[in-house]
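Please read the structure below before turning to the comments.
The numbers here are math on the coordinates, done by the rules we state, and not lab data. Note that the coordinates shown come from a computational prediction; the quantities given were computed from them, not determined experimentally. Virtual Cβ from ideal backbone geometry, glycine too; neighbours counted across all protein chains shown.
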Amino acid sequence: MPHKHKNPVCWHESKLLPVQVIIVIKISKISVLLMVSCIYLYACNASLNEFVRATDTMTSSGRGTAAPSSSDMATAIRQALSKGVENSINTLGKTDGFNANQLVRIALPDELQKADTLLRKIGQGRYADQFVLTMNRAAEQAIPKAASIFGNAIRQMSIQDALDIIKGPDDAATRYFQRTSETKLINSFRPAVEQATNSTGVTQQYKSLVSKAGALGQYISEDAKDIDGYITGKATDALFLYIAQEEKKIRDNPVERTTEILSKVFGYYLGG
């Protein structure tokens, strides 16, 4: 009986079918893995982009707000300086702004302290008291002259000046005023002081006080005898002291940032 062979086609199909299935399955798995990898990489990249954008936004302040523009910074600094100058002039440039203020009250020049002690010992202390009062009144009358000088300094401020002040130390604005305005202040204060001392007779009182000091008068230097210069210097120092205090308030205390732009700029760079 002849040997019957199985159908070769069926034999090959029966053997190849499982191989084809395996190949298809493997290809499908690879495709799935590639697809998942792409999705994962896309998600990671998106997260990274979000992180970079958030980091860029928070670089300077950590508050998640956009950095103020150069124009905003200049406006904020001008407002802060105007506020500080106005408050300082209003505090010092009034009756008893110096005389009743122990922080800035102008005392006798150091070289006259011994004379003051001597005069009080012999019952002539009223001369020293009157002299001190007239010195402080002269300073109080001179201080308002600063308004126009500081106003010009504020208007002439550059964008770079504003940026340096915001990022600078607590007295950066005060230093700016000292650099740009101190000489102008002295030149403006001096005539006002001279007018006040002449009208109140302070210069004559000073000479009288020196003469009453007797032998001590010979030890008083020529510089110390320039009473108008002495008062002018003290008035200038007092004004800068108060401006520095006002500046520090705005930097340290958010409540002092009384306008929206002040809050925005100083809040971004200094917090609060």
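The phi-based Karplus calculation (6.51 cos²θ - 1.76 cosθ + 1.60; θ = phi - 60°) puts the 3J(HN,Hα) values of region 97-112 at x, 9, 4, 9, 10, 5, 5, 10, 4, 7, 9, 4, x, 3, 6, 9 Hz, whole numbers, x for Gly and Pro. Would you mind computing, in nm to one decimal, how far apart the modelled labels at residue 129 and residue 179 are, each placed 7 Å from Cα along Cα→Cβ? Simple spin-label model gives 4.6 nm for this pair. Sorted on the mean count of surrounding Cβ atoms within 10 Å across their residues, most packed first, peptides 102-110, 233-241, 161-169, 134-142 read 134-142, 233-241, 161-169, 102-110. Among 92, 262, a tally of other beta-carbon atoms within 10 Å of each Cβ gives an order, fewest to most, of 262, 92. In the structure shown, do any of 94/121; 121/234; 94/248; 83/249 have a Cα-Cα gap over 21 Å, and if so which? Over 21 Å apart, Cα to Cα: 94/121; 121/234; 94/248.
For the pair residue 204 and residue 102 in one chain, pulling the backbone fully straight at 0.36 nm per residue adds 34.2 nm over the alpha carbon distance. Efficiency by 1/(1 + (r/R0)^6): what FRET value for residue 90 and residue 158, r their Cβ-Cβ distance, R0 = 25 Å, to the nearest 0.05? Efficiency, from the Cβ-Cβ distance: 0.35. Shown in residue order for region 137-152 are the 3J(HN,Hα) couplings computed by the Karplus curve 6.51 cos²θ - 1.76 cosθ + 1.60 at θ = phi - 60°: 5, 5, 5, 4, 6, 7, 3, x, 4, 6, 4, 5, 5, 5, x, 5 Hz (x for Gly and Pro). Of the GluC sites (Glu not before Pro) in region 221-272, not one is in a loop by DSSP (not H, G, I, E or B) with at most 13 other beta carbons within 10 Å.
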